[in-house]
Every structure is written in C-alpha cells, then in structure tokens.
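Here's the structure we're looking at; comments come further down.
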Amino acid sequence: MQSKSSNMTNTIQNTNRLAKFDWKRYIVYIAFVGVFIYFSISLYDQGFLSSNNLLNIARQTAMISIMAVAMTFVISAAEIDLSVGSIAALSSLTAALAMKAGFGVAGGIVAGLGTGALIGLINGILVTRVAIPSFLVTLGMMGIAKGLAMWITNTAPVPILNKTYNFVFGSGDIGPVPVLLIWTLVIAVIGHILLRKTAFGRQTLATGGNESAARFTGVNTAKIKLLVLVGSGLLAGLAGMLYAGRMHAGRFTFGEGDELSVIAAVILGGTSLFGGMGTVIGTVFGSLMIGMINNGLIIMGLDVSQQMVVKGLIIILAVAFGRRTIKR
Amino acid sequence: MQSKSSNMTNTIQNTNRLAKFDWKRYIVYIAFVGVFIYFSISLYDQGFLSSNNLLNIARQTAMISIMAVAMTFVISAAEIDLSVGSIAALSSLTAALAMKAGFGVAGGIVAGLGTGALIGLINGILVTRVAIPSFLVTLGMMGIAKGLAMWITNTAPVPILNKTYNFVFGSGDIGPVPVLLIWTLVIAVIGHILLRKTAFGRQTLATGGNESAARFTGVNTAKIKLLVLVGSGLLAGLAGMLYAGRMHAGRFTFGEGDELSVIAAVILGGTSLFGGMGTVIGTVFGSLMIGMINNGLIIMGLDVSQQMVVKGLIIILAVAFGRRTIKR
Amino acid sequence: MSQISKSFNGIKVLNSVDFELRRGEVHALMGGNGAGKSTLMKILTGVYQGDEGQIFIDGSEVSIQQPNDAKENGVSMIFQEFSLVPTLTVAQNIFLTREPRNNLGFIDEKECIRQTEQLLNELNVNIDRNIPVEQLGVGYWQMTEIAKALSQNTKILIMDEPTSSLTKNETEVLFELIDKLKAKGISIIYISHRMDEIFRICDRITILRDGKHVMTSPCSELTMETVIQHIVGGNLEHAFEWKDRNYQRNQEPVLQVRNLTSGRRVNGVSFDLYRGEILGIAGLMGSGRSEMVRAIFGIDPIDSGEILMNSQKLSIKKPEDAIKAGIALVPEDRRMQGLILDHSVKDNILLPILSNIKKGMFIDDAKGNQIASEFVTRLNIKTDNIFKTSRLLSGGNQQKIVLAKWLANSPEILILDEPTIGVDIGAKTEIIEIIRSLADSGKAIIVISSELPELLALSDRVIVLNEGRVTKEMDRKEIASEEVLQHAIQVV
Amino acid sequence: QEVKTPQTETQTKPAETNGPLTVNQALPDSQILSKGPHGETAVSAKTLKLTEDDLKKIKEKRYKAAIVMHYAGNDWSTAQVEGLKAAFNKMGIEVVAVTDAQFKAEKQVADIETVLAKNPDIIVSIPVDPVSTASAYKKAAEKGVKLVFMDNTPNDLKHGEDYVSVVSADNYGNGVEAAKIMAEKLGGKGKVGVIFHDSDFFVTKQRTDAFEKTIKEKYPDIQIVDRGGIIGPNDGEKVTSAMLTKNPDLKGIFVVWDVPAEGALAAARTAGRNDLIITTIDLGTNVALDIAQGGPIKGLGAQLPYDQGVAEAILAGYSLLGKEAPAYVAVPALRVTKENVFEAWKMVYNQDAPKAVHDAAK
Ligand SMILES: Nc1ncnc2c1ncn2[C@@H]1O[C@H](COP(=O)(O)OP(=O)(O)OP(=O)(O)O)[C@@H](O)[C@H]1O
Ligand SMILES: Nc1ncnc2c1ncn2[C@@H]1O[C@H](COP(=O)(O)OP(=O)(O)OP(=O)(O)O)[C@@H](O)[C@H]1O
Ligand SMILES: [Mg+2]
Ligand SMILES: [Mg+2]
C-alpha cells in the first residue's frame, strides 16, 4: 500500500526524480545479487553453489513464480487474487482424478487447466458484472476451492502413476535442465512480452493506473479485469498440475498459503500494489529471491524460528538497502 | 483492490450514485441481519439463539474485532499491516513470561502492550523513514515476530496462573457479560469516535484519500502513518493478551492467519482497500458476521470442507445480494 | 444534439438542450461553472448517457453508449479532468489503444515515441517523454491531452477548457493548430471561460445557464458584455480593471526570499513581499514559478538560500512548518494536490482548519457544517449540498473548494498558484474581490497566473521568472498593457 | 525456561559414553496395540541397543544426519528432536539440519532436496503425506542415504531396500488409554463428543479410530453423540463451544491432541462446565498443569517422543553398521492421570516437570 504514496512523494519532491525512479525498479535485482553473493561465500563449502542446489531453488520456486507472473497482471490492473493457492490444490486433484479415471495425460491437462480457468472466470464475472471487490470475491473463492479440494476425495491424496505426466509436469529433467525451470522460463517470457509489448499489457496497466481514464480512452476495462483473473486462475491451475507432477499425486494441501508468497514476490519485484505499474522480470526475481533465502537458511542449519526471523530481516533489509542507495 | 475501480465506475455510470454509495455502506449490516435471521430459524432448536451461544460468538470474535478496529485506520491511511497475527502471538508470550518472572499483572500488561507498540513503531519507522512499502515491512515483520515467538520459549507454551489477569483479559464475565465483549465495545467506541470525531481520524482518511493533497494541506502524513501502525501493533498486542487470558497461557500459534481474517472484516465492513474511506462500526459487524458464520456452520454439523465452501459462498453472496439490492 | 436532458440523483443538470455544430466551424460553448457544458459533451462522447434526447451526426441519428461508439463516429474530446493514465508515459498515453505495431504484431515503442515527438514538435512543447505523466505539471498534462486528441482521426473535436493551465505561448500554438484543423474541415467545440480566446477563434457561441440553452449566435453579432450578461444572467462590473491600492512599501517586508535554490528549476530567486501587497509572478511554462512557491511552502527541499518572515529566519522543512508560520499555498493542480476527490466538499474545506473547530478533543460538527456552508455560499459553489463528493462537482466548482480551503484558514501570507483555473467569469470577479479585500486587511499575497489580464488586474507589483531566476521586476504602474508584460516574459 | 531445558543439557556435554545406548529401560512394558503402516507387528523399542563397541565404530566415521520434520512447533517434535540429537551426539554423528515443513508436503519435498545438498548419511523424517512425498524420499534413498521414519512410511518404499525402519508411538494404544480413562471417569455411561483431525493423516486417524472403537465395543452405555472436525490447533475452542451449545447434556469430550484440548478446556470454562471430562493424547505443559490441578482434563495417553527419537537414532546406527533392523518399532503407550503426572513427565521428556505444574498440584 505504498507505491501510491511514493508516487505522491515523487510528485511532490521533484529533485533527482529520474534517478530515484530507476533505482527503485532495480532494488530487487540488487537485493537478489547481494543475497546470492552472501550465500555463495558463507555457504561455499556446504554445497549452496552446487548446480544441483541451484537447480533445486529453481524447482522449488517454479510454482510460485508461475502464479506470480499471472498475479503481476492482476495487481497491475489494481485487482487482487487470493484464491490462487486453493485453485492449485483443487487443480492438482482434478488432474489426478481425471487420469485415475482413465482419461490419460490429455484428460489430466484439460481437467487441471479447466478447473483453474473456470474458477478464474467465475472470479472475473463476479468482479466485473456483480461489482464485488476482488479481495472479497477471491477470499470467498479461496475457501470454496479449498473446501471442494478437501471434499472430493475426503482429504485423501490421489496418486498419479502416469510417467509421462509426472515427467512433463514436474519431475523430469531435460539434460541437466529441470522441466520446472523450463516451465518457469516459458511462462515468464510470455508474461513479459504480453505486459510490455502487446496492447493487452498496455491496457492492463492503464486499467490499473486510472480506470476511468482508461475507459474514456476506449479501453474495455471490464474485459481486461476478466482476462487477468482468468489468466491468474489458469496459471494457478498449471501450478497445481506442476505440484501434482512433482509430487506424483494430487493433494488438497498443495499451495496452502501460496497466495501470500505470490503477492510478496510480485511486490518485491517492484510492481505497485495500487496498480498501473508492473514488471514480470522483477516478479520472477522476487520469487527466486524468496526461494533462495529459504534454501540458504536451511543449508545454514538454522532452526525454523531463526529462519523466520532472518528471512524477515533479509526482506526488509534488502529493500531498505535498495532505498538507501537511492538517496545518495 | 476495487473501491478504487468502483469509484471510477461511479464516475462513469452515474445513475443512482448517491443511493448506491449509501447502500454500499450498509451491505454489511444487511448481510449480517440476513445471515442472523437465517441461522436463527434453521438452527433454532440447536441452541444458536441461546444467549450463551451468542455471547460465545462475541468472545470468539473479540480479538479479530479489536485488531480490525486498528486495521481500519491502517487501511484508511492506504497502508496495510500483515504482522498483527504474529504480534498477538509474541505479546501473549511476553505477557505470560513477564508474569511468570514475577512482575505481576502490571508487568504482564506492560510487556504485552509494550511488545505490540514497539513492533508497531518499528513498522512505522520503516514505512515512513526508510520508505519501504508497508506490505513488505509488515510481511517481513510477520516472520520476525513469529520466529521470535517460537524462539523465546523454543515453541513451548507458557501457562498463566494469575487469576486476576485471566479474569480481566479474557476469561471473566461481569454479570452475564463477558469481559471480552466489554473490551470489544470499548475499543470499537474509541475507534469510532477517533475516526469520525477527531482531527486525527480526518487526517488519517485524508492521508489515505490523497496523500499529496493532504501534505499540501499541512497534514503530517508521515506522523499519521506512523501512528496508525503503532496503534495497530498496540491493539494486536492487546489481542494477544486476550488470547493469553482466555487460554490461560501464551503460545506462539495464537493469532495464526488472523491477518487475513482481520483484513477481511475491515473490507467486508465497507472500508476501501485503497484508503480514504473507513468505518469502524462496519468493521466490527464484518468481524461479527465472520464469527457468526463460523459458529453457525459448526453447529449445523457440517464437515470442515463443507464449512469452507459454504462460508466462501456466504461471503460472496452476502455482498452480491447487497449489490443487487442497489440496482433496483 | 436535440432535446438532451440529464439528471443526477433526481437533480436536473441538463434540461432539453439543443446544440448544433456545423462542419468546419469552431463553436464556443459557454456558461457558468456547473452550467452543464462538460456533461453535455460527455453525453456526446459516450461517457454518460442522456436521459432524453437524440444525437445526429451528418444528418443520421447515432446511438452513443460508450466511449468507443463516439470514437467510431469520429468524435474525440480533451477532457477537463484529463483522461491520462498517471503511471504511463506521455507517449504511451497518447497512443493508448492505438499503438503502432511492428510486423510481429507487438507494440512498436520506437515508432510510438517518434510519432509523439513529431506531435509535440508540432505543438512546440518540450516534454520528457520517458517518465510517467504523474510526474509532470498540469500544464504538461494539458499539452499531452491535446496531443492525444490531435493524434486521433476525428471529425469532431471537443476541447473542454484546453488552455486553462497554458500560458500565452502555448495558447498561441494551439490556436494556430485549430486554424489548420478548421481548414481541414474538422469541427471543433471549444469550451472556455476566457473571453478573449472565444472572440479570437470562434465562429459561433452557444451559452448554457443552469442546464438550459440560453442562446446561439455568430460571434460577430455579439460583444463581450452581452456574452457575460447571458452567462451570469445579469450585469457584471468591469471585472478585470486594475485598481490602484494603497499599502506601505517602506515598512519592513513580511517575507524576504534570498537566493532561494531548489532542485533544477529554482536557481537563486530573491524578492520581498510587503504587508497588504499583492505580488504577481509571471513566467513561461516551466519557468519555475510553481517550484519556487513549493519550496517556500516546504514541499520541495530547499538546497540553498533563506526565507525570512518579519526579519526572522524561517526553517521550513515541511508544509506544516510553513502553515504554522502563517503561510498558505493554493496549489495549481487541484486533482493531485488540491483535493481529496473522494471526500465531501465539507471535509475538503475543513481539512486545514480542523484544529480551529475543536470542541474539547472532538471536532465540532455543527460549527464545521456552518463554516462549510458559509464558504459554499460565499464562493457560490454549485453543489447539491456540502456532503456531495467533490469528484462529482464541475471543474470550476472544484477549484472553488480549493480556494475555500485556504480562505477559511486566513493565513498571514497567501500564495495562490493559478487560483482561477476553470473558474467562470462571474466567480472570477468575486475571487478577485476577495483577494483584494484580504490584502486590504493587511495580508500579503503572491499570485501566479498564466492569464495575464487577471494577473494585471490583481497585482500591485509583478516579478518575471525565467529558468528559475528573477529576470524583471515591475511596478504595476509601469506596465502600460498586456503586451508590455508579455514582452518582458519572453525576453530572456 | 524450565519448561524445556533445551537441547543444551544433553548436547553440550560431549559424548561421555559409558555403556551401551538404549532407550529408557524404565518405560512401561504394556502391550503394543498399533500395527505398522503395512500391518507389521511391532517390535518394542526397549529391545534396541548399540553396544559400546558399536558406538566406537560409528564415531570413527564422523557421519552426518539430517532431521526432516513435518512440523516443529509442538512439544512432541521438540522432544523427539532432542532425543535424536542426544543419541546422535553419543554416536558422534553431526546433525547438519533440522527442517520444518509446516505440514506442507511440497515444502517437505523442497526440504529433502535442500538437505541433500549437504550430503547427509542419514535422514530421520516423518512424511507429511505418504503419497506425495514418496518420490523425494525415493531420490534420497537412491543416493544411498539411510532413511529412518517416524510414525509412517512413504508409499512404495521398501523396508530393507529403501528405508531402515519406522518407529512410532503406540498411537492406537494411546487412543485406547484415552477411552479407558474417559469411561472410568464417567462411571461407564453418558454422552460424549469426539473432536477429530479432519485430515487424511495416519497418526491422528489411528487415535480417533482407537478411541471410538474402544468406546463402542467396550462401553455400550457411553454414546458418541457428536463429532467435530478441526484442521488446526487453534480450532479446538470454537468446535467445543458449538458442541456444548448443541448438546447441553454432554459429559465428556475426546480431543485428538493436546493443543486443541486446551481450546476445549477454555470452552468448558466459558460454558461453566467444570464437570466436563476431557481426555486427549500427548502430554503438553498446559494439559499437564490442568491434570495436576484436577481440572476437566482427567487424563491422556502420552507418546514418548524423546525415546522414540533415541530409538530412531539407534536404528540408523544399525544400518550404518550393516545390522539387520526390524521393519516396525514402537514405543509403548503411556497412561497419564493425576496420580502419575510427574513421573510421566519425566519419562516423556527426560527431565523434571516444570515448576508451574508442580505448583498447580498444590
Ligand atoms: N456524475 C455526477 N454526479 C452528480 N452530479 C454531477 C455529476 N457530474 C456532474 N454533476 C453536476 O452537474 C452539474 C453540471 O456539471 P458540468 O461538469 O457539466 O459543469 P460545467 O458546465 O462543465 O462547469 P465548469 O465550467 O465548472 O466545468 C454540476 O452541478 C455538477 O455538480
Ligand atoms: N519539459 C518538461 N518535461 C517534463 N516535466 C517538466 C518539464 N518542465 C517542467 N516539468 C515538471 O512539471 C512540473 C511543473 O512545472 P512547471 O514548469 O509547470 O512550473 P511553472 O514554472 O510554475 O509553470 P506552470 O505555471 O505552467 O505550471 C514540475 O514537477 C516540473 O518538474
Ligand atoms: Mg466543465
Ligand atoms: Mg505552475
């Protein structure tokens, strides 16, 4: 809730305006590099830098990154989606159930993505047609999707035995490269191009920047909002399928609490919580940074409680450090 | 993330503007009454209407309500505080430890409230002086406070044997009235008056409505933001103390996930997530409504999964119903 | 447009209005603040839908339900409240929804910037194209808005007070462009409160009053007096006449500014201000006028130089300090800096004086209502009641709220940055009167205005700013005519 | 701090290994009722042993171990980890990481991957979910890491090939104890409610099954009239309150573990139902306190996490030495009531009960 204010401050304090603005955008990269260097040095002999470990970080953050790419659009359009974690859980199950029922990999894909897109569509319709704040719609949907996920199998996990599925959606490596990394890259590149290079991206930013101005200019803001919410549902569905492929099972707890990590990745990346400004690349780095911190602190051998404290401190200090640099 | 957009929409779709605005403010009351009537009828013979059960609802929602009153100010000022749940946990422990160390009830109060206020102050300083978005500051602080709460006693709970403390801060009844209800009412009344009747409240709304304009008008927006965050920390500390008094112990899991319930209560009550508009009474009803739904659904004997689905549906439908009424 | 009516919440703001526009003409639409001009035009552009009435374009009836319908019919508009997205750059705003594409179908950013450059060159302005527009001043917003409208292929171009934040130079450029468009057969509806402009460029005039059509006739058949008469519905004293006022300039000044430097646009400004004086500040767009007063008011940090009030050095770090010292600033940008648009008229007016209307710890609501109502009446703010959301008021009436805010506070030194943007001629006269009487009561006043007649009518003394420096200081008596001042502004 | 003199006590003292390493031989010899995850019959943990010789051999190799927990925020986990650390310390094995998946299967998989970067020789772990974490454990097994499990094994992993052994508390037995205490205190009749864990979690299911089955089969005059599901430790109060509202004549409530039982206690207090009989499983500080002062919590079946941890460490030692390890080892159930609460505490946590509990008993 603050880009707004810092925009305002910018409007007010005009000195070094440009410099300030640019730094702000790069904070996440500076912080990322800083944290990386720190861990590389301090955990050098503990395997942090081993390619396997680095790939692990990529694997572990893939689902958050993918959902965060879609969330970048949602937040850029000044909406929010709290239901992503629950959608992932439900999709992991519908995909697993479809395959269990004999519909094969294709069936699994249709079921998983379909679940996500459908819920996203319902979110979108409620936000645009019934005009309920997206915070409330998706909060409600978070409970509904989670409840459904618990209901359909009575909280039991559903194993996935299909090797192809498990390979493509989570567990496989192509050469040394995990498929999860490939998924992340593909989604990030598409997201980046969509946001920066297409009319849709531009109009998403316009909708979030000033909805009425965007409407006056002929942007169909309702359509934009609907689309970003469908997109968010769809990618949450994909994330759920990746959880399923990685874990060889669907389960109702997958993605629990992910909404906060996803939003954190987006904000850390430099997207404004008030809409109108967004960056997909920043988002991905935000997500990677969170994943890297999680990984590094475990390797350090800290207790969970210590990990939580240190992780909190790093997030705050990383951003504070970035800000400080500005002022010079 | 939507009052903004709906304001905008208002500017465009002009019909029944004022009527719309007024209705919107009352949605939570309509929904509250509707849900209440529904449960009263359907759960008549299951004790829903028994005074004891109604008082239970008040008891169970007290901590959320109290934190939500403070959060109303935070959100009205266009900031956010994600650390409230963790602060409550930590305060429950510091209060319990202070009493265990022999500082008596007064020591417990100072420790509990002091913990909350101190963390709130740190949040405030980071937001106003270092200019980090409050979302990130309080997200980091959420981890730090939770980690500390786990750390200080190595996740063990700390029993509170002081009868006076337990009576005043949670378990007592004065005549038929639970102290928790009294706490809620006192805080709500103070909050309401502060927001509606004092310069501080007006300036909080102004800060959230347009920070730049507020500054041009001589509002010390940094001070306002600092104060609302300190207030939020302080009341989260109080909530933690109430958890402790109610459970006769401090524990690091208290308040887990409360931040979302608190924000939901505020938004449901009609406060804009984008700042500038807030209502304390609405917030309290939002909180009561959530508590009532939880209670009613458990009495109904639904499974947890079913409860989640139905609760999600009620939140969405309640608001949608309110919106529909408008259009007529 | 025929028999257009429109009500908001049961209050009629347009009452069976007829309006006719001929091909290739410049048609002025005039009327007091809140007369319904903007609303009528918004119906034409699909922002609002009329309750009654029909719209014909080229003889056939059209249905305009939303902005896109208007676009398809070749209607575009420069909105009074601006339709720019603050987080996008100038170029991105200008081409929103119509971005040039490359072969792959992606947005061609380079082409976008190139075309923007061309447009801006045509308009003869130099704006930084790569920063979000929220970081630009109002004048630049207005130029961007104009560029955006011009870049569209239109048959009908509506300009809702396009020059309100522009100085003479930019206005001249715009007029040249209007002439070119006219020659191309494009029809223009021109809304303005500046009389001289209307007579310079318009072919016909339509006047609205209280949502009703009053008259339409060719410009040549009208005089300024008759137009004013129709607008205000009565006679008006000659407003823009300068009155020689008496005040003591041999006393010590209330405010002394010495070598003030702040940011890139204020480079060592010095001047004095005396009790009872109205000091005018003139300059081109971008000359640093606004920045100078922002630094004095504590919004921008002061890099060097000092400010003395009653010979005491002031340390102003934030607006609060300035306000405590008795300085008030009416900012130039009412949307971003002046108003909390989603708050009521009353809440906006009372915001700076909350501490004055306390009863014990609490705000005295009755007193607040009374003060707010008083100013609504005094400044003739057209609103249903004092609880109406400011966003819903007409542009001129919003500006009056900004003024009311600071008049209510009665400071020692009042700084007004473009105080009458968008205010109608009647209200402008009243405001000028109020400013004069404030000065007469011993307050010191600084006025920035791009509207030279107004500046000349008010000021006892004028200083000219150029690139952040004072290049000329003139006593009002030395300024024989507008041209003299205009010349002083332009000569470096 | 006296709640838990943390790891320090046992850890900082360097391994002064006089004598063999076994679990506490004072544990009850009660019959173990639980069956292993694959229906195996239990071997008592008391039979496990590493001789001084064994220990010396292990120490020479300077092995590394990682502990991968499902959740670290309760007394059970803390005590278990302490038992593990203490035993590993005696074996000269360095504990390189302790992770907490916070009940999230996907986090556990990430944790396993991450600790593998440190090349541990042993991983002691409790799977959040046997289905979805299986592949990650499989990966660890393939790397040659010795796996010892607590409570449950991941699907498709085979004893002897993929993992060493699984050690659990006698959860079924504890459920039976809770039922027996309930029945005794009720005098064999009355209406009771059950608060169960509404989640597909092996351990908590076993307990609830045991409680319900024992009541139904052994005590025909006790009726289970209401069941309420919870999904987290903070839900106990709300569900109990609602249950008491609906069933004013309820005499007893079984709560599936101790933390929600504290919520049930608060609810009983609020409703003025100090006569309510609550039984549960696991000996936490606050329930111990209530038992000691004769409150509504009348008794519980306790697990013995500290010794469970020691047993797991010993089994890891077996596999390092190439010794045959039994497929399923269990630590007996421990019945705790007011009468034996202090001794029980000592047995569960390997230290004295906190002062507060002692005070409460006075
Ligand atoms: N959306 C709205 N809801 C309610 N009232 C409105 C709305 N829009 C305009 N009004 C009212 O309609 C009246 C006419 O407004 P309009 O903006 O058309 O005036 P205008 O002639 O453009 O005035 P100005 O010269 O000040 O810009 C005003 O009284 C205004 O308060
Ligand atoms: N060429 C420019 N490109 C971009 N921004 C500019 C440019 N010139 C000025 N600005 C910005 O616009 C804002 C207002 O400055 P502006 O030049 O309008 O002040 P001014 O001298 O008072 O003129 P005016 O009275 O027209 O506002 C400032 O924030 C300034 O930094
Ligand atoms: Mg207008
Ligand atoms: Mg200016």
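The values are calculated or read from the model by the stated rules, or taken from the named source; none is laboratory data. The model shown is predicted, which means the values in this text are computed figures rather than measured ones. Cβ placement follows ideal geometry from the backbone for every residue including glycine, while neighbour counts extend to all protein chains displayed.
B:Thr217 - would you say it is within 14 Å of chain C (Cβ to nearest Cβ), surrounded by fewer than 24 Cβ atoms within 10 Å (Cβ to Cβ) and hydroxyl-bearing (Ser, Thr, Tyr)? Explain how you work it out, then say what you get.
Details: within 14 Å of chain C (Cβ to nearest Cβ): yes; surrounded by fewer than 24 Cβ atoms within 10 Å (Cβ to Cβ): no; hydroxyl-bearing (Ser, Thr, Tyr): yes.
So B:Thr217 does not fit the description; no.
How many residues does the range C:25-41 hold that are within 6 Å of ligand 1 (Cβ to nearest atom) and either of a type in the set (Asp, Glu) or out of contact with any helix residue (DSSP H, G or I) (no Cβ under 9 Å at 6 or more places or on another chain) (or both)?
Taking the range C:25-41 first, the residues within 6 Å of ligand 1 (Cβ to nearest atom) are C:31, C:33-39.
From what's left, either of a type in the set (Asp, Glu) or out of contact with any helix residue (DSSP H, G or I) (no Cβ under 9 Å at 6 or more places or on another chain) (or both): C:36-37, C:39.
Number satisfying all stated conditions: 3.
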Practice item. Only one of these is within 13 Å of chain B (Cβ to nearest Cβ) and not in a helix (DSSP H, G or I): C:Leu354, C:Leu350, C:Leu329. Name it. Key: C:Leu329
Practice item. Quick one: A:Gly116 ticks every box in (1) surrounded by fewer than 23 Cβ atoms within 10 Å (Cβ to Cβ); (2) modelled with pLDDT of 95 or more; (3) touching a Leu at 6+ places or on another chain (Cβ under 7 Å) except a single one, so which number is it? Key: (1)
Study note, to complete from the structure: Checked C:Glu176, C:Glu225, C:Glu170, C:Glu197 against criteria (in a helix (DSSP H, G or I), more than 16 Å from ligand 1 (Cβ to nearest atom) and buried (at least 17 other Cβ atoms within 10 Å of the Cβ)); the one match is C:Glu170
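How many residues does the range C:273-301 contain that are without any contact (Cβ under 8 Å) to a residue 60 or more places away in the chain, crowded, with 19+ Cβ neighbours inside 10 Å and away from ligand 2 (no atom under 13 Å from the Cβ)? Quick ask: steps written out before the conclusion?
Filtering the range C:273-301 down to residues without any contact (Cβ under 8 Å) to a residue 60 or more places away in the chain leaves C:294-295, C:298-301.
Those left that are additionally crowded, with 19+ Cβ neighbours inside 10 Å: C:294-295, C:298-300.
From what's left, away from ligand 2 (no atom under 13 Å from the Cβ): C:298.
Looking only at that region, the number is 1.
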Check your understanding: Is the range C:252-265 home to any residue that is away from ligand 2 (no atom under 16 Å from the Cβ), free of Cβ contacts under 8 Å to residues at least 40 places away in the same chain and of a type in the set (S, T, N, Q)?
Key -> no
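Does C:Arg289 count as at the interface with chain B (Cβ under 9 Å from one of its Cβ atoms), closer than 26 Å to C:Ser164 by Cα and within 16 Å of ligand 4 (Cβ to nearest atom)? Quick ask: steps written out before the conclusion?
Values: at the interface with chain B (Cβ under 9 Å from one of its Cβ atoms): no; closer than 26 Å to C:Ser164 by Cα: yes; within 16 Å of ligand 4 (Cβ to nearest atom): yes.
For C:Arg289, the condition - at the interface with chain B (Cβ under 9 Å from one of its Cβ atoms), closer than 26 Å to C:Ser164 by Cα and within 16 Å of ligand 4 (Cβ to nearest atom) - is not met.
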**Study point:** B:Ala244 vs. criteria farther than 18 Å from B:Ala58 by Cβ and more than 9 Å from chain A (Cβ to nearest Cβ)
**Key:** yes
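Let's see how each residue does on (1) assigned to a helix (DSSP H, G or I); (2) within 13 Å of chain A (Cβ to nearest Cβ); (3) farther than 19 Å from A:Arg196 by Cα; (4) within 16 Å of ligand 1 (Cβ to nearest atom):
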residue	(1), (2), (3), (4)
C:Gly105	no, yes, no, no
C:Cys112	yes, yes, no, no
C:Ile127	no, no, yes, no
C:Glu145	yes, yes, yes, yes
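Just to verify a result, which residue in the range B:273-319, among those that are of a type in the set (Gly, Ala, Ser), part of a loop (DSSP other than H, G, I, E, B) and buried (at least 24 other Cβ atoms within 10 Å of the Cβ), is farthest from the other protein chains (Cβ to nearest Cβ)? Break it down into steps so the answer makes sense when it comes.
Step one: list which residues in the range B:273-319 are of a type in the set (Gly, Ala, Ser), which gives B:275-276, B:278, B:282, B:286-287, B:291, B:296, B:301, B:305, B:312, B:318.
Still in the list and also part of a loop (DSSP other than H, G, I, E, B): B:275-276, B:278, B:301.
With buried (at least 24 other Cβ atoms within 10 Å of the Cβ) added as a condition, the list becomes B:275-276, B:278.
Details: B:Gly275: 7, B:Gly276: 5, B:Gly278: 12 Å.
The extreme case among them is B:Gly278.
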Practice item. Name every residue in the range C:179-194 that is in a loop (DSSP other than H, G, I, E, B) and aliphatic (A, V, I, L, M), in order of residue number. Key: C:Ile186
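Could you list, in sequence order, all residues of the range B:143-157 that are more than 7 Å from every other protein chain (Cβ to nearest Cβ) and crowded, with 22+ Cβ neighbours inside 10 Å?
Result: B:Ala145, B:Ala149.
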Point to revise | the range C:435-449: number of residues that are touching a helix residue (DSSP H, G or I) at 6+ places or on another chain (Cβ under 7 Å) and either surrounded by fewer than 21 Cβ atoms within 10 Å (Cβ to Cβ) or among the hydroxyl-bearing types (Ser, Thr, Tyr) (or both) | key: 1
Review point. Considering the range C:412-453 alone, what residues qualify as being under 14 Å from C:Leu279 (Cα atoms) and within 16 Å of ligand 1 (Cβ to nearest atom)?
Key: C:Glu418, C:Pro419
Check your understanding: Taking C:Ile415, is it away from every other protein chain (no Cβ under 14 Å), more than 16 Å from ligand 3 (Cβ to nearest atom) and assigned to a strand (DSSP E or B)?
Key -> no
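So that you can scan it fast, the table gives a plain yes or no per residue for (1) free of Cβ contacts under 8 Å to residues at least 40 places away in the same chain; (2) assigned to a helix (DSSP H, G or I); (3) within 30 Å of D:Thr41 (Cα to Cα):
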site	(1), (2), (3)
D:Gly295	yes, no, no
D:Lys298	no, no, no
D:Tyr306	no, yes, yes
D:Ala313	no, yes, yes
D:Leu320	no, yes, yes
D:Val336	no, no, yes
D:Lys346	yes, yes, yes
D:Val357	no, yes, no
Point to revise | strands (runs of 3 or more DSSP E) (entirely within the range C:1-102) containing at least 2 residues that are touching a residue at least 40 places away in the same chain (Cβ under 8 Å) and either within 11 Å of another protein chain (Cβ to nearest Cβ) or over 17 Å from A:Thr217 (Cβ atoms) (or both) | key: C:2-8, C:11-17, C:26-30, C:52-57, C:75-78
Check your understanding: Given C:Thr154, C:Thr163, which one is in contact (Cβ under 8 Å) with a residue 24 or more places away in the chain, within 16 Å of ligand 4 (Cβ to nearest atom) and not basic (Lys, Arg)?
Key -> C:Thr163
**Study point:** One residue from B:Gly296, B:Gly312 being without any contact (Cβ under 8 Å) to a residue 40 or more places away in the chain and touching a helix residue (DSSP H, G or I) at 6+ places or on another chain (Cβ under 8 Å)
**Key:** B:Gly312
Practice item. Tell me which residues, restricted to the range C:84-103, are buried (at least 23 other Cβ atoms within 10 Å of the Cβ) and farther than 18 Å from A:Leu195 by Cβ. Key: C:Leu84, C:Val90, C:Ile94
Review point. Across the range C:1-59, which residue is nearest to ligand 4 (Cβ to nearest atom) among those that are of a type in the set (Gly, Ala, Ser) and farther than 21 Å from C:Glu81 by Cα?
Key: C:Gly24
